[in-house]
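Notes to accompany the following structure.
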Amino acid sequence: MSSPIARRLFRERCQFENPIYNYTPPFGELRALKRAAQRFVGPFAKRAGEGKASKFAAGDFVRVRDAEAIRATLDEHDALRGLVFTPAQWESCGKTFRIETVVRRMMDDVGRMRAISRTVALENVMCDGPHGDHGCGRACPLLFRDEWLEPSAPELAEKPVYPRYARVKPADEILATLDRNGLRDGLMFAPEMTRYAGGRFPVYKRVTHASTTAWRRASAETYVLAGVRCLGESLGRDGPCHRGCGLLWHKDWLEFD
């Protein structure tokens with residue numbers, strides 16, 4: 001799986017599928033083959049449509065309902081209509097946030113595109129929890145059903161403080177760091193990342209670990225930038241994906257303030 005031919009054959013469509021480390025045999029290779037098979041079948045499968053829109057819109061301010069009210073909506077698996085209210089989300093109860101995006105279709109953890117209804121992602125509510133030490137390391141937004149939210153006022157929203165900023169280098173400088181497979185130390189530079197070239201963004205965190213097929217420490221100094229999301233452009237006809245995963249940035253692609 002580490003040969004150039006294999007990497008070209010099983011090229012990831014998005015960074016969520018990019019492990020940023022060598023596959024661990026045999027299970028890592030088997031999972032990579034499974035993903036490759038799903039990508040091969042994808043063009044012949046029925047295209048997933050969009051779920052019903054949320055009653056809220058991007059830019060609205062909402063309050064996450066109290067824990068007691070949310071528990072009343074959950075089944076024995078802590079889920080509502082199949083979406084789990086994760087342990088990291090309880091910290092957000094009672095707080096006000098701005099809606100980042102309305103989620104109507106997304107790629108799930110095994111690479112299948114699915115419709116999803118009456119669901120949104122909130123700004124600064126990530127899967128890694130309030131202290132940045134949970135989740136898979138990619139700082140993706142957590143998803144909230146409409147039933148877990150209620151309208152709120154902008155002045156009640158908490159404003160994050162970022163002590164460090166970084167400027168994304170020009171696209172031609174970044175491309176010069178990539179090998180013939182479009183990677184830098186195994187990290188994929190997704191084509192849509194060029195839209196952020198030259199921009200200055202807050203540094204959300206340094207990634208110490210990430211996971212797809214297995215848990216591994218990042219093989220190079222890697223960062224997530226606040227507000228910089230995958231838009232699913234690299235999925236082509238299978239897109240768009242509204243999941244909004246955090247994009248991973250190699251240190252060589254950034255200049256820090």
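Using label points projected 7 Å from each Cα along Cα→Cβ, tell me how many nm separate Ala69 and Arg81, to one decimal.
About 1.8 nm separates the two model spin labels.
Report, by chain and number, residues whose modeled amide H sits under 5 Å from the one on Leu142, excluding near sequence neighbours (fewer than 5 apart, same chain).
Under 5 Å from the amide H of Leu142 lie the amide H atoms of Leu122, Val125, Met126, Cys127, each far enough along the sequence or on another chain.
Once you put a point 7 Å from the Cα of Lys159 and another 7 Å from the Cα of Arg98, both along the Cβ direction, what distance in nm separates them?
For the pair Lys159/Arg98, the computed spacing is 1.0 nm.
Among the listed pairs Lys55/Lys159; Lys55/Lys169; Lys159/Lys251; Lys52/Lys159, which are separated by more than 32 Å between their Cα atoms?
Numbers: Lys55/Lys159 24 Å; Lys55/Lys169 39 Å; Lys159/Lys251 26 Å; Lys52/Lys159 30 Å.
Among Lys55/Lys159; Lys55/Lys169; Lys159/Lys251; Lys52/Lys159, the Cα-Cα distance tops 32 Å for Lys55/Lys169.
Stretched out fully, how many nm does the piece from Glu91 to Arg180 gain, at 0.36 nm a residue minus the Cα gap?
Working: separation 89, 0.36 × 89 = 32.04 nm, distance 4.36 nm.
Stretched fully, the Glu91-Arg180 segment lengthens by 27.7 nm.
Suppose we look only past 19 Å in the calculated P(r) of region 137-213. What percent of the Cα-Cα pairs does that tail hold?
On the way: 1745 of 2926 pairs.
Across region 137-213, Cα pairs with separations above 19 Å total 60 percent.
Select from Phe144, Ala171, Trp90 the residue farthest towards the positive end of the dipole of region 50-172; place +1 on Cβ of Lys and Arg, -1 on Cβ of Asp and Glu, and compute about the Cα centre.
Ala171
Gain in length, Arg112 to Glu221, computed as 0.36 nm per residue apart minus the alpha-carbon separation, to one decimal in nm?
On the way: separation 109, 0.36 × 109 = 39.24 nm, distance 2.98 nm.
36.3 nm is the gain from fully extending Arg112 to Glu221.
Grab the Cα-Cα distance for Ala48 and Glu233, subtract it from 0.36 nm times how many residues apart they are, and report the gain in nm with one decimal. Write out the running numbers ahead of the final one.
Values: separation 185, 0.36 × 185 = 66.60 nm, distance 1.57 nm.
So the extension gain works out to 65.0 nm.
We did not get these values from a lab; they are worked out from the coordinates using the rules stated. Predicted model only: the values in this text are computed from it and were never measured. Positions of Cβ are generated from backbone atoms using ideal geometry, with glycine treated the same way; all protein chains shown enter the neighbour counts.
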